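Student: Here's a structure for you.
Read the figures in this text as sums done on the coordinates, not as results from a lab. Source: prediction; values computed, not measured. No Cβ is skipped: glycine too gets one built from the backbone with ideal geometry, and neighbour counts run over all protein chains shown.
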Amino acid sequence: MKYKDYLTERKQSTDFYETAAAIGVVCSDALGKKCTDIIYNYKNTKIEVIKEALDKIKATLGGNYDWVSKGAAVIKKLTVEKDTTEVIDLMAILAGMYSFRKEIVEMDTSGPLQFIHNKIGEYYKVEKEVLGSIKGAKANTADIIVGNASPSKIFDTMRKGPITTDEAEHYIDLGSGVNIYQCSLKKREAEAQIGKITKFIKKNLGYGVETGAAVKILSHNYIDILDKILLNEGIWDKAKHFAKNLWNKVSAAVKKVMSGYISKWIGFFKKSPPDAYIKDFMIGLGNPQLQEAMTELTAGQVESIAKNPSKAIKLINNEIKRLQNTVMKDKTVYLNISLLSPMKKFKGDAKKAAFTLVSNYCTVRALIDMVADERTTGEVVNRLVAEMLFGSTKLPLWKVFGDYGDGNSYMHLGSMEAWLTGSKAKSDVEVLGIRISPLKDFYVIMVGMLEDIKEDGKKYVLLRTGTNSSSRFTFIFEGIKTFHVPLEDSIATVVNKKR
């Protein structure tokens, strides 16, 4: 009996994994520790020990708990001999929830624990009834509610109110001694895609080869591991097709927001630098005259820069410091700056250096305006991403993962409001990235802008600024490339990459 033979529907797959997590809420300490030990030392664990643990897991699926019957039925059919990978998943997910329970829940909440799983739809309705809904947001993303009361008592207590949270937003205090934890479940963290899972299999099932080879071997063995991973990595979201459609809607919304921003600033750089930029630069040099064509006067301006590069570089450095102050505390903007030391004489072509320094100055002035303009855009993008994480819930949320041997099994998101306005649990999507680095006589300035975000990664547009004329002052985006990076990667991986 293979996994794909009896898990024929996505709902059954979801129920299987979520039920595995629910077991971790109520299992005995001995069983929770045993499953953790097995996962951490699977290769050296006797099959009899694994069978014994599986039998105790199945025995836990009783009592007066809010089980989803289909998930429990799937687990009861598992055997160690035929369903090795599923048993690993079952124990890893149980261990992840057990770790969350011991390290977080039991530190703040007393009394026997229960959970809401089968009645999660009723929980959503009560939350909306009591707290109202968030306009335009998707359904609450919590899959299981962990608490120290039965579902019916939780619902009754929520309706009585008031509903508060502890200062750290770890738990939701319903009053009357009832605490609950909203948990959104994921099989693995985004960082633990194919590499970490195959590493676990390689280590514990005896495939002493590199990840790519392990995948190849396993995909031609008794179970297609690639198919399984691709299926399960997204299976935790309720109603996969709905989650997929929602991602598409969020992606389209982000793309619409960002396309206007990108078009605006690419268009800005296609024009000549504003007269005010060049005038301020020339005034700073002590030469306030301004003229577009390459006349004797402009030639004189270029010559004055060539003769005194130190003053020109100091002017640019002052603007770079102003840019740093503008970006300060804005987590949606990444900035990497190395300052050019003022010099008495150019090392290379003085004329080229002079025109490029003017371009540098104008570009930095424009970037200051871009950052100011980005703030509203960044807020909109992160609001959309927050809705993906929280849905319509106004209450604090945790993400709980399976523990596959690295001890990293949960993440605190806090509330949507705290995520959007605070730094405690926030993980902003970076909308703009800037790298300014010296190149002999002038600066190379790279600018990255978010173009799109999807469930499999982010797309950034990378541009290099410069000048394309030796007869007039210009600033342009020279090369335009696009790069795809994983969701968890920073824009730094794009703007800092050596090319």
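Student: In which sequence would H412, H170, H117 go, from the one with the fewest C-beta neighbours within 10 Å to the one with the most?
Tutor: Numbers: H412 14, H170 18, H117 23.
Arranged by neighbour count, lowest to highest, H412, H170, H117 become H412, H170, H117.
Student: Listed here are the pairs K279/K459; K160/K399; K128/K255; K82/K399; K70/K102; K321/K352; which of them are more than 32 Å apart at the Cα? Don't skip to the end; give the middle numbers.
Tutor: Numbers: K279/K459 37 Å; K160/K399 27 Å; K128/K255 30 Å; K82/K399 30 Å; K70/K102 27 Å; K321/K352 24 Å.
Beyond 32 Å: K279/K459.
Student: How many nm is it between the label spots at N496 and F268, if each spot is 7 Å from the Cα in line with the beta carbon?
Tutor: 2.5 nm
Student: Which of the trypsin sites (Lys or Arg not before Pro) found in segment 66-139 are loop residues per DSSP with 16 or fewer other Cβ atoms within 10 Å of their Cβ?
Tutor: Filter output for segment 66-139: K82, K135.
Student: If r is the Cβ-Cβ distance from K125 to A276 and R0 is 51 Å, what FRET efficiency results, to the nearest 0.05?
Tutor: Calculated value: 0.30.
Student: Can I ask one more? May I ask you to derive the FRET efficiency for H484 and K160 from their Cβ-Cβ distance with R0 = 35 Å, giving the value to the nearest 0.05? Mind showing how you got there, number by number?
Tutor: Values: r = 50 Å, r/R0 = 1.42.
So the FRET efficiency works out to roughly 0.10.
Student: Next question, about the same structure. Only Lys, Arg, Asp and Glu count, each charged at its Cβ (+1, +1, -1, -1), so figure out the dipole size of segment 3-186 about its Cα centre, rounded to 20 debye. Don't jump to the answer; show the numbers that get you there.
Tutor: Details: 25 positive and 26 negative charges, 104 e Å.
Computed charge dipole of segment 3-186: roughly 500 debye.
Student: So how do T157, T45 line up by other beta-carbon neighbours within 10 Å, fewest first? Working shown, then result.
Tutor: On the way: T157 20, T45 16.
With the fewest neighbours first, T157, T45 line up as T45, T157.
Student: Still on this structure: Output wanted: per-residue J couplings in Hz (rounded whole) for segment 163-174, from phi through Karplus 6.51 cos²θ - 1.76 cosθ + 1.60, θ = phi - 60°, x for Gly and Pro.
Tutor: Rounded to whole hertz, the list is 9, 10, 10, 6, 4, 7, 6, 7, 10, 10, 9, 8.
Student: Cα gyration tensor of segment 3-186, axes a ≥ b ≥ c as square roots of the eigenvalues: rounded (a/c below 1.5), prolate (a/b > b/c) or oblate?
Tutor: On the way: a/c = 2.33, a/b = 1.66, b/c = 1.40.
Prolate shape, in that a/c is at least 1.5 and a/b is the bigger ratio.
Student: Right, another one. What FRET efficiency would be calculated for the residue pair K82, K33, taking the C-beta separation as r and a Förster radius of 45 Å, to the nearest 0.05?
Tutor: Using R0 = 45 Å, I get an efficiency of 0.95.
Student: Sorted from fewest to most neighbouring beta carbons within 10 Å, what does the list L90, L131 look like? Walk me through the numbers before you get to the answer.
Tutor: Numbers: L90 25, L131 15.
Placing the least packed residue first, the sequence is L131, L90.
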